[in-house]
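Engineer: Below are the structure tokens for one structure; questions will follow.
Just so you know, all these numbers are worked out from the coordinates, no wet-lab data involved. All of these numbers come straight from a predicted model, not from anything done at the bench. Note that each Cβ is placed from the backbone with ideal geometry, even for glycine, and that neighbours are counted across all protein chains shown.
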Amino acid sequence: MTIELRIFNGKVKLKTILNWVLLLFVIFIQFGCANESVPQGGAQDKEPPKVKKITPPNKSLHFSSDKIEIKFNEFLKASGFSQTLISPPMDKRPDFHIEGRTLTIKFKSQLRPSTTYTINFGDDIQDLNEGNKVANFTYVFSTGDYIDSQKVSGTVLLAKDNSASDGMVVSLYPKDSVDGILKSRPYYFAKTDKGGHFEIDNIRADKYLIYALKDQNYNYLFDQPNELIAFSDSIVNLTDTLPKQITLYAFEDDRRKLALNETRSLAPGLIRFVYSKPLKSFKLDAALSSEVDFAYLNTTKDTVTYWYSKYYTKYDTLYLTANSHKLDTVRMELHFIEKDSLEHSSRYFLDIVNQPVKSKLDTSSKTNLNLQELNKPLKINFSRPVIKINETKQLQILEDSTNIMVIPKFILDEKTKQFISVEFDKKENTHYTLEMPDSMFQGFFGTWNKKTTYRFTTNAKSNYGNLRITLKTEHPENYYIIRLLNATNDVVKEFLFSGNGERKVSAENILAGNYKFVVIDDTNKNGEWDSGEFKNKIRPEKIFPYKDTYQLKGGWDLDVEVKF
């Protein structure tokens, strides 16, 4: 903008000057004296606020001030400071106030003499623009001659797989508190980083109980059913100068109430019930029920698959009993089939479904063949449960290259009745065709299968090897579970071990690849890994992972030794 000042007869026109002065004053007010604001644009800020000045300084001795001012390099977001804890607790909670870049803390009660206070802010301090949090920030001061200097550090791991657990609140309680984490906030705490590590400083010399909590509602209490918990079975003694390193194992304590989470009609004659926790028993009463109905639980025992034969039912009221308690009444709209249409529609015949997706290219016909493991039975999945098998008919398997036909043996799965396991002598790297004759298997609705063929090819022997394993223990009084895992952490083989000395075992004809071991200390000797229980102070069974990975090549015998 260009400002022109005109002079008439050697004099400046007064009214014009006053107008320009007023304009400049407005510009100065708007731009020169404008309020400070958060800069806009540029790269995203990922850094948390940094402290520029603290009054009185952090870790002050003979503290006598009635307030603390902490200035940061960024504007701060307003906060209720619900996560901020003060140890030891004060009679009245201080006032916390944020203005711009400054946090002011004003005390409302008298401080104790010769006492070290720690203010831990949790995640309450964040920058205004991006919400970046200042992690594990504490302000420490003493009203006496020294600051408490005890510390404890360590790691929190997930008990089920020994992986690091980040964001866990590790807290200390007085040794005489009874389940303090259920009803009161901790005296001292810190949060674990991405590696599961924590460190708590400036602790008063004493003995403490220690916990780790995945705090879902940020109240420092173990009061939610989905919160992970960890605890030590011994007192943490911080009365000496020896450094304390502690490893805690977090687990999900089953504190959920039994509840029906989902009821869904999946198809005619099929309902799924999903519960909040594993079931011990289940019963359904309804008009659609009959003696031929059956149900089964999934592997985690919290989901019921229920098959019923009155597939023509459109609506019904279901009365559900779980774990011997009648819990729910559900009115449902159901998938259904008209009675007269069942036998006239091909979609209701018993079909082969959900076969393996792993495939191998057949170079001769340019088609994909399902890849079958040499040392595992062929699995054939059906669209509905099988209730009858026509014994006068037989499965046949044709070796494609020789046209030799064999009659395999098969077993119907007792639990689901929805698949058969087919056994026969397989050759390596060979194409086969399974032929299922018409009306050999009868489905749950009374319809039979149509004639079906299924093509597959076997893997080559050169893709398999053998592991020769020597197990050794230095604790013959313990019971152990040794698991061999593949690269995707699937259990390939499992061994139970107890007693003195060593034992030689093997895992034969397993696919070439990378393998590793985990050892479980089976304290209750039930052959399974068991999680913990906070109420009865039962810690989860320890899992010892082995860092070594063993590469097994096709056609190899590999000797390994596992010590525990």
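Engineer: Looking at the stretch 39-125, what % of its DSSP beta bridges pair antiparallel, to the nearest 5?
Structural biologist: Values: 17 of 17 bridges.
Percentage antiparallel, nearest 5: 100.
Engineer: Roughly how tilted is helix 14-27, in degrees to the nearest 10 and between 0 and 90, from the longest Cα axis of the chain?
Structural biologist: 40 degrees
Engineer: Using Cα-only point scatterers and the Debye equation, what is log10 of I(q)/I(0) for the stretch 150-252 at each q in 0.12, 0.13, 0.14, 0.19 Å⁻¹, rounded to two decimals?
Structural biologist: Values returned for q = 0.12, 0.13, 0.14, 0.19 Å⁻¹ are -0.34, -0.40, -0.47, -0.88.
Engineer: Can I ask one more? Can you compute the helix-only [θ] at 222 nm over the chain? Use -39500 (n - 2.57) per DSSP H run of at least 4 residues, normalise by all residues, nearest 500 deg cm²/dmol. Mind showing how you got there, number by number?
Structural biologist: Working: 2 runs with 18 residues, N = 564.
Per the formula, -1000 deg cm²/dmol.
Engineer: List, in the order given, every pair from Lys151/Lys525; Lys461/Lys547; Lys426/Lys516; Lys133/Lys301 whose Cα-Cα distance in the structure shown is over 31 Å. All intermediate terms of the calculation are to be shown ahead of the outcome.
Structural biologist: On the way: Lys151/Lys525 37 Å; Lys461/Lys547 29 Å; Lys426/Lys516 29 Å; Lys133/Lys301 40 Å.
Distance filter (> 31 Å) returns Lys151/Lys525; Lys133/Lys301.
Engineer: A further question follows. Relative to the Cα centre, what is the charge dipole magnitude of the stretch 260-336, using +1 at the beta carbon of each Lys and Arg, -1 at the beta carbon of each Asp and Glu, and rounding to the nearest 20 debye?
Structural biologist: 160 debye
Engineer: Which shape class, rounded, prolate or oblate, goes with the stretch 87-133 when its Cα gyration tensor gives a ≥ b ≥ c as root eigenvalues, a/c under 1.5 marks rounded, and past that a/b bigger than b/c marks prolate?
Structural biologist: prolate
Engineer: Too long at a 22 Å Cα-Cα cut-off: which of Lys379/Lys450; Lys257/Lys417; Lys67/Lys191; Lys175/Lys537? Present the calculation step by step, with values, prior to reporting the outcome.
Structural biologist: On the way: Lys379/Lys450 18 Å; Lys257/Lys417 31 Å; Lys67/Lys191 26 Å; Lys175/Lys537 15 Å.
Exceeds cut-off: Lys257/Lys417; Lys67/Lys191.
Engineer: Continuing with the same structure: Please report, in debye to the nearest 20, how large the charge dipole of the chain is about its Cα centre when each Lys and Arg carries +1 at its beta carbon and each Asp and Glu carries -1 there. Before the final figure, lay out the partial values.
Structural biologist: On the way: 77 positive and 72 negative charges, 272 e Å.
Using Cβ point charges on Lys, Arg, Asp and Glu, the chain gives about 1300 debye.
Engineer: Where does the stretch 464-563 land on the Kirkwood hydrodynamic radius, alpha-carbon pairs, in angstrom? The partial results should precede the final answer.
Structural biologist: Details: mean 1/r = 0.0695 Å⁻¹.
Over the stretch 464-563, the inverse of the mean reciprocal pair distance is 14.4 Å.
Engineer: Continuing with this model, one more query. First select every other residue whose beta carbon is under 14 angstrom from the beta carbon of Asn219; then total the charges, Lys and Arg +1, Asp and Glu -1.
Structural biologist: Details: positive: Lys183, Arg185, Lys214; negative: Asp123, Asp124, Asp215, Asp223, Glu227.
Taking every other residue near Asn219 into account, the sum is -2.
Engineer: Sequence gap at least 6, Cα distance under 8 Å: using those rules, report the relative contact order of the chain to the nearest whole percent.
Structural biologist: That works out to 8 percent.
Engineer: Sorted from fewest to most neighbouring beta carbons within 10 Å, what does the list Ser142, Ser281 look like? Show your work: numbers first, answer last.
Structural biologist: Details: Ser142 20, Ser281 10.
Lowest count first: Ser281, Ser142.
Engineer: To continue, here is another question. Between Glu47 and Asn478, take the C-beta separation as r, use R0 = 56 Å, and let me know the FRET efficiency to the nearest 0.05. It would help to have the intermediate numbers written out before the result.
Structural biologist: Numbers: r = 49 Å, r/R0 = 0.87.
Given R0 = 56 Å and the Cβ-Cβ separation, E is 0.70.
Engineer: If the viscosity is 0.890 mPa s and the temperature 25 °C, what Stokes-Einstein diffusion coefficient in µm²/s follows for the stretch 400-491 when Rh is the Kirkwood radius over Cα pairs?
Structural biologist: Roughly 137 µm²/s, to the nearest whole number.
Engineer: Classify the stretch 439-483 from the C-alpha gyration tensor, please: rounded if a/c falls under 1.5, else prolate or oblate depending on whether a/b exceeds b/c.
Structural biologist: Oblate shape, in that a/c is at least 1.5 and b/c is the bigger or equal ratio.
Engineer: Where the only charges are on Cβ atoms (+1 Lys, Arg; -1 Asp, Glu), what is the dipole of the stretch 120-222 about its Cα centre, to the nearest 20 debye?
Structural biologist: I would put it at about 340 debye.
Engineer: Calculate, for Thr247 and Ser149, the FRET efficiency according to 1/(1 + (r/R0)^6) with r their C-beta to C-beta distance and R0 25 Å; round to the nearest 0.05.
Structural biologist: Values: r = 23 Å, r/R0 = 0.92.
The value I calculate is 0.60.
Engineer: Test of understanding: ordering Ser309, Ser184 by Cβ neighbours within 10 Å, fewest first, what list do you get?
Structural biologist: Starting with the residue having the fewest Cβ neighbours, the order is Ser184, Ser309.
Engineer: Moving on to the next point. Mind giving me the nanometre distance, one decimal, between the label points for Thr523 and Leu496, set 7 Å out from Cα along Cα→Cβ?
Structural biologist: 2.0 nm
Engineer: Same structure, new question: Taking 8 Å as the Cα distance limit and 6 or more residues as the minimum spacing, I'd like the relative contact order of the stretch 348-459 as a percentage.
Structural biologist: It comes to 32 percent, rounded to a whole number.
Engineer: Determine the relative contact order of the stretch 96-213: mean sequence separation of Cα pairs under 8 Å and six or more apart, normalised by residue count, in whole percent.
Structural biologist: 25 percent
Engineer: How much of the DSSP beta bridge set in the chain is antiparallel, as a percent to the nearest 5?
Structural biologist: Working: 134 of 153 bridges.
Expressed as a percentage, antiparallel bridges in the chain total about 90.
Engineer: Provide Trp556, Trp529 in ascending order of the number of other Cβ atoms located within 10 Å of each residue's Cβ, fewest first.
Structural biologist: Numbers: Trp556 12, Trp529 17.
Fewest to most other Cβ atoms nearby, the residues stand as Trp556, Trp529.
Engineer: May I pose another question? With Rg and Dmax of the Cα atoms in Å defined as stated, name the option among (1) 38.4, 166; (2) 25.3, 79; (3) 35.6, 128 computed from the structure displayed.
Structural biologist: Answer by label: (3).
Engineer: Between Asn509 and Leu260, take the C-beta separation as r, use R0 = 41 Å, and let me know the FRET efficiency to the nearest 0.05. Kindly include the intermediate steps, with their values, before the conclusion.
Structural biologist: Numbers: r = 44 Å, r/R0 = 1.08.
After rounding to 0.05, the efficiency reads 0.40.
Engineer: Something else now. Would you mind computing, in nm to one decimal, how far apart the modelled labels at Ile389 and Asn237 are, each placed 7 Å from Cα along Cα→Cβ?
Structural biologist: Between Ile389 and Asn237, the label points sit 6.6 nm apart.
Engineer: What nm distance separates the two modelled labels at Asp328 and His197, each placed 7 Å from Cα along Cα→Cβ?
Structural biologist: 4.6 nm
Engineer: Still on this structure, I have one more. Give the shape of the stretch 260-336 as rounded, prolate or oblate, defined through the alpha-carbon gyration tensor: a ≥ b ≥ c are the square roots of its eigenvalues, a/c under 1.5 means rounded, and otherwise the shape is prolate if a/b is larger than b/c and oblate if not.
Structural biologist: It comes out prolate by the Cα gyration axes.
Engineer: Next question. Looking at the stretch 150-252 only, what percent of DSSP beta bridges run antiparallel? Nearest 5 please.
Structural biologist: Around 75 percent of the beta bridges assigned by DSSP in the stretch 150-252 are antiparallel ones.
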